[in-house]
């Protein structure tokens, strides 16, 4: 569905609280511990075993997203939210990540705009609807904004279908002003999926960053989630084989910020043994 309710989404408040908690945990805000491209981060995995409840929920999301991707690529659906947001959604299920991308994606109303199935007039919610350009197989956002009080969400980028390929490159950024601090959150969503006969191969990536400014200090944190797909499916919404590697890599930490739990670099390797049957290997 589109963004028609112009109240600030509940997820935005939760995101603010999460970032504020990060700043408190950091003890001394600041720092610039930047890493290499997260895509280059490699993990060593242990033996495969049964999925935990959280990991199975993440695998179920992947299966649903794969089914959605098939519909979007074929042009029979225009709801691509689960496709573009797959990496963050799986990370949130599996690790309880402090994820910002999924909420920003939904708030921007992009979830229904991956293909050109629906007309431009149906893409509502932006301050200036003419910022959305629809052409054959492609939809583009240029300087799109949603303003709610002192908060503003901006969206730039594109989604495209071309033969057997579905790709996107969209940046969603939130600027928020509250008592005692300013907050800037960005989510850069990229992906490229190629569809074969009974296969889906490609990568879904989300690069997330947040900066909070207070009268006393400022803090910047950033992380990426990546899902590398090499899946087999039955054409009826069921993943039957193949693998998906899910990685979360922190690229900028504040001094004193935890490096364990939801703040740790981590990887999961999902291996499907049949429809709904998955084994999971965890990074060591």
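Coordinate-derived values only; no laboratory data. Quantities reported herein were computed from a predicted structural model and do not represent experimental measurements. In this analysis, Cβ positions are derived from the backbone assuming ideal geometry, glycine residues included, and neighbour counts consider all displayed protein chains.
Entry note: segment 35-282 has Rg to Rh equal to 0.98, where both radii use alpha-carbon atoms and Rh is the Kirkwood radius. Gain on full extension, evaluated as 0.36 nm per residue between residue 184 and residue 203 minus their Cα-Cα distance, stands at 4.2 nm. Taken along the Cα-to-beta-carbon direction at a fixed 7 Å, the label points for residue 136 and residue 171 span 3.0 nm. Can you tell me how segment 187-244 classifies by the Cα gyration tensor, rounded, prolate or oblate, using a/c under 1.5 as the rounded cut? Prolate. Starting from the Cα gyration tensor of segment 139-284, take the square roots of the eigenvalues, sort them a ≥ b ≥ c, and report rounded, prolate or oblate (rounded when a/c is under 1.5, otherwise prolate if a/b is larger than b/c, else oblate). Because a/c hits 1.5 or more and a/b fails to exceed b/c, segment 139-284 counts as oblate. In this label model, residue 218 and residue 284 are separated by 4.2 nm, measuring between points 7 Å along each Cα→Cβ vector.
Assuming R0 = 30 Å, can you tell me the calculated FRET efficiency for the pair residue 273 and residue 42, based on Cβ-Cβ distance, to the nearest 0.05? That pair, residue 273 with residue 42, gives E of 0.75. Subtracting the Cα-Cα distance of residue 265 and residue 76 from 0.36 nm times their residue separation leaves 64.3 nm of extension gain. First measure r as the distance between the Cβ atoms of residue 162 and residue 50, then evaluate 1/(1 + (r/R0)^6) with R0 = 51 Å and state the FRET efficiency to the nearest 0.05. Taking R0 as 51 Å, the efficiency between residue 162 and residue 50 is 0.85.
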